[in-house]
Amino acid sequence: MSPAAGGLDALAILGGTPAFTEPLHVGRPNIGDRAVLLRRIEDVLDRRWLTNGGRFVEEFEQRIAEMHGVRHCLAVTNATVGLQLAAHALGLTGDVIMPSFTFVATAHSMAWIGLRPVFVDVGPDTHTIDPARVEAAITAETSAILGVHLWGRACEVEALKATADNRGLALLFDAAHALGCSHRGRWVGGFGDAEVMSFHATKVANAAEGGAVLTDDDELAARMRVIRNFGFVALDEVVSLGTNAKMNELCAAMGLTSLESFDEFVAANQRNHEAYASGLSDLDGVELVSFDPAEANNFHYAVVELSPAFVERLPRDDLVAALHAENVLARRYFTPGCHRVEPYATSATALPVTEDLSERLVALPTGTAVGPAEIDAIAAIARRAVDEAPAVRERVQDVIARTAVQR
Ligand SMILES: *Cc1c(COP(=O)(O)O)cnc(C)c1O
C-alpha cells in the first residue's frame, strides 16, 4: 500500500477513519442574517398578516422582478406548483417536450396535471435540451416546450424560441437553478412565456420552501394571479378553476433575508468553484463543469464530469462510495434520467447522451457551509481513490455481495 498522501490516514472505505467527522452536504441550506430574519418574523406576528397578499410577499416579488428585469413575478409555494400554474394558465394540453436530464420535479409537475412529458436528449456539452431533438419530437399532440437551465447555464433559448414560434407552441423554462444567471447579457427570467425559479432550502437563495414565476406577459400574469388564489377576482367572486399556490409571509421573510445575502452566497460558491478547479486540476479525466465568464452565474453547483477513461478505471458510483465513506456526501445528479424512473420508464425510449452523462457526473459539496480547506481535502480523497482504484473497486464489490447475502 502507498504511504498516506497529504497527511491522510488510509481511505475510510479501506478501513481508515473518515476525513470529516460531520457530513458535508451538497445542498446544505445557506442561512442569511438571523437577526434580520427574526425581526421580520416578529413583524409578521405583530401585524397578524400571515398570508394572502402580505407585505413581505409583495416585497419579495418586487426584488426578484427588479433583479431580473421582468415585468411580473409571482411568489408561489414551490417551483413544482409554479410550473403547474404557468402550464395551466397557458392552457397546455397533451404533450410537453422536456429534457430527461433534470430533477424529477420537472416531469412530475406536468404529469400531475394530466400533461404527458415527452423526453428528449440534451447536448453532451451544454447538458441542456437539444433544440434539434425538440424539433424532431414535435407532433400534433405537442403543446409546449419546457427547457431547464441546468446548473444555471441557460438553454439555447434563441433556437427554442424560433421552434416554438414556428410551430405555435408555448415555451416555458424551469429556471430552478438560475436565480441571478444571465444569457447573452440578458437576465434569465424573461425568456419564453414564463420562467419558474425555486427557493427550496437547498437552492442558492431560499424561502425554506418557495418558488417564483416570472413573465413579461401582462395577461398571463393576471391569469396566474387569479389561479394562484382559487380563481378569486374579488371577494366571493370566482371566475375560473384555481388552486392554492400562494407563498406565505413567513417564507417570504426567509426569502427576502436570503436574497439580501445572495451576493455573499454567490461569492462563497465562486470561491469554492475556484478551489475545486485548482484542487482537481492535476487529476486526469476530471473536468469541473464551467461557467461562461461573460455571463452571470450563481455557481450553485460544483459538478465534475468524469471522462470515459476515468470511469473505466474507477466507476463513478465507486468514487461516490469512497467520498461517502469520508462523510463527503457527493450526489449523483441526475441519476437516472427521468425517463428511467416510474411512471415514465415503462414507455420511454433510449436517450444515449442522458444515459451517458447520468453515469459520469458527480455534484460535490459547496455553499457557505464548505470552504477551500474542506475542498482541498475532498480533492486529495479523489486523488487517493484513483491511485487505489483496484482496492476501492474490490471493496465496493465486497459490500454489494455482502448486502445481497443479507437480503
Ligand atoms: C429544485 C428543482 C425543482 C423543484 O423545485 P421545488 O421548489 O422544490 O418544487 C424543479 N426543477 C429543478 C431543475 C430543480 O432543481
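The values are calculated or read from the model by the stated rules, or taken from the named source; none is laboratory data. Note that the coordinates shown come from a computational prediction; the quantities given were computed from them, not determined experimentally. In this analysis, Cβ positions are derived from the backbone assuming ideal geometry, glycine residues included, and neighbour counts consider all displayed protein chains.
Among the residues making up segment 62-81, those that are in a helix (DSSP H, G or I) and within 16 Å of the ligand (Cβ to nearest atom) are I64, A79, T80, V81. Summed over segment 376-389, the residues that are within 25 Å of the chain's Cα centre (by Cα) and surrounded by fewer than 18 Cβ atoms within 10 Å (Cβ to Cβ) give a count of 1. Of the numbered criteria (1) within 26 Å of V341 (Cβ to Cβ); (2) within 16 Å of the ligand (Cβ to nearest atom); (3) under 19 Å from the mean Cα position of the chain (by Cα); (4) not in a helix (DSSP H, G or I), the one P124 fails is (2).
If the condition is being more than 24 Å from T368 (Cβ to Cβ), within 12 Å of the ligand (Cβ to nearest atom) and either of a type in the set (A, V, I, L, M) or in contact with a helix residue (DSSP H, G or I) (Cβ under 6 Å, 6 or more places away or on another chain) (or both), then segment 185-205 contributes only V196. Among the residues making up segment 113-130, those that are within 20 Å of A87 (Cα to Cα) and surrounded by fewer than 21 Cβ atoms within 10 Å (Cβ to Cβ) are I113, G114, R116. So is V392 out of contact with any His (no Cβ under 7 Å at 6 or more places or on another chain), buried (at least 19 other Cβ atoms within 10 Å of the Cβ), of a type in the set (V, I, T) and not assigned by TED's automatic domain parsing to the domain that holds L283 or not? No; evaluated as a whole, the condition is false for this residue. Residue count for segment 357-375 under the criterion of being closer than 20 Å to R331 by Cβ and surrounded by fewer than 15 Cβ atoms within 10 Å (Cβ to Cβ): the result is 1.
The number of residues in segment 82-121 that are away from the ligand (no atom under 16 Å from the Cβ) and of a type in the set (G, A, S) comes to 4. For segment 290-317, filtered to residues that are in a loop (DSSP other than H, G, I, E, B) and within 16 Å of the chain's Cα centre (by Cα), the residue that is farthest from G180 (Cα to Cα) is S290.
Just one of the listed residues (E287, E295, E312, E326) is free of Cβ contacts under 8 Å to residues at least 12 places away in the same chain and not hydroxyl-bearing (S, T, Y), namely E312. Does segment 160-179 contain any residue that is closer than 30 Å to G32 by Cα, buried (at least 17 other Cβ atoms within 10 Å of the Cβ) and without any contact (Cβ under 8 Å) to a residue 60 or more places away in the chain? Among the residues of segment 160-179, at least one is closer than 30 Å to G32 by Cα, buried (at least 17 other Cβ atoms within 10 Å of the Cβ) and without any contact (Cβ under 8 Å) to a residue 60 or more places away in the chain, which makes the answer yes. On the given criteria, is T163 over 22 Å from A89 (Cβ atoms) and either at pLDDT 95 or above or in a loop (DSSP other than H, G, I, E, B) (or both)? No, not satisfied. Looking across segment 166-184, just one residue is part of a loop (DSSP other than H, G, I, E, B), more than 16 Å from the ligand (Cβ to nearest atom) and within 27 Å of G367 (Cα to Cα), and that is R184. Please work out if A208 is crowded, with 19+ Cβ neighbours inside 10 Å and within 11 Å of the ligand (Cβ to nearest atom). Here the answer is no, as A208 does not meet what is asked. Just checking, does segment 72-80 include any residue being among the aliphatic types (A, V, I, L, M), farther than 22 Å from A253 by Cα and under 20 Å from the mean Cα position of the chain (by Cα)? Checked segment 72-80: no residue is among the aliphatic types (A, V, I, L, M), farther than 22 Å from A253 by Cα and under 20 Å from the mean Cα position of the chain (by Cα).
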